[in-house]
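Have a look at the structure below, then the notes.
The values are calculated or read from the model by the stated rules, or taken from the named source; none is laboratory data. Keep in mind the model is a prediction, meaning the values are calculated, not measured. Backbone-built Cβ (ideal geometry, glycine too); neighbour counts: all protein chains shown. We work out accessible area using only protein heavy atoms, side chains counted, and drop any ligands, DNA or RNA first. Shrake-Rupley method; radii C 1.70, N 1.55, O 1.52, S 1.80 Å.
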Amino acid sequence: MNADIQVIQVNDPRLQHSTQAGYVVVGESWGARLRLSDPPDLTVLNAAVVVATDQGFLIEELDVSWAPQVTALEALNHADYPYTPATAVPESDEYDVLELWRSGCRLFGAIHDGQLVAASALCLTTARAETEFTSVHRSYRRRGLAVAVKAASITALANDGVRIFGTGGAQINAGSIRMNEHLGYAIEERWLSLTMPQ
């Protein structure tokens, strides 16, 4: 692929100029927001956690002692993250995982027989709480665990007063879009990644 990548929001007038100049779309990405009322209605979030706990999973906040298991889970799932030029793929080495805790991010996990099988990291920015990643072990997918760990993270920060949450990803990841819409997120931004054909 040509290194000359333009990432342009779909409503940006430059998009038409780029496509007229011959640029082609090589990726689509989105950004979504969850805006909670004050006080927040956590009914959907709590129900998502119950779906997991009813199956015997422990959903809880993770302290830094879980870093090796978070690292292993991320390494296992690294190749499964869809890539676009506008969608960063989380790094999988332990330093980056530890840095999440050092920078004040909060991590939540689903635990089964002492093993971490799903995790979600949520970090505060000046404007909102932003999800860094949500990851589920391949053997435990399609059981509501991604929704549960993300719901647990949102609930914890909502109880601390946070009302705006952000997330995003690659358009090709339809499952992620469905999960976030279930939790109340609405897509507010879409980007196209374009390049000039070789």
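Could you pull out which residues in the stretch 156-194 have an amide N less than 14 Å from a spot 7 Å beyond the Cα of ASP12, following the Cα-Cβ vector?
189-194
Among rounded, prolate and oblate, which fits the stretch 136-198 when a ≥ b ≥ c are the square roots of the eigenvalues of its C-alpha gyration tensor, a/c under 1.5 means rounded, and a/b larger than b/c means prolate?
Since a/c reaches 1.5 but b/c is at least a/b, the shape of the stretch 136-198 is classed as oblate.
Would you tell me the accessible area of ASP38, worked out with a 1.4 angstrom probe on the heavy atoms of the protein chains, in Å² to the nearest 10?
Taking all protein chains as shown, ASP38 has close to 120 Å².
Tell me the carbon and sulfur percent of the accessible area for the chain, rounded to whole percent, probe radius 1.4 Å.
51
Of the labelled options (i) 0.99; (ii) 1.08; (iii) 1.32, which one gives Cα Rg over 2.2 N^0.38 Å as computed for this structure?
Working out Cα Rg over 2.2 N^0.38 Å from the coordinates points to (ii).
At a Förster radius of 35 Å, what calculated FRET efficiency corresponds to the Cβ-Cβ distance of ASP63 and VAL26, to the nearest 0.05?
Using R0 = 35 Å, I get an efficiency of 0.30.
Give, as ranges by residue number, the residues of the stretch 34-65 whose backbone N falls under 16 Å from the point 7 Å along Cα→Cβ of ILE164.
34-38
Among the helices of the chain (complete DSSP H runs), which have Cα atoms covering no less than 20 Å along the helix axis and a Kyte-Doolittle mean of at least 0.5?
Those that pass (Cα extent of 20 Å or more, hydropathy at least 0.5) are 145-159.
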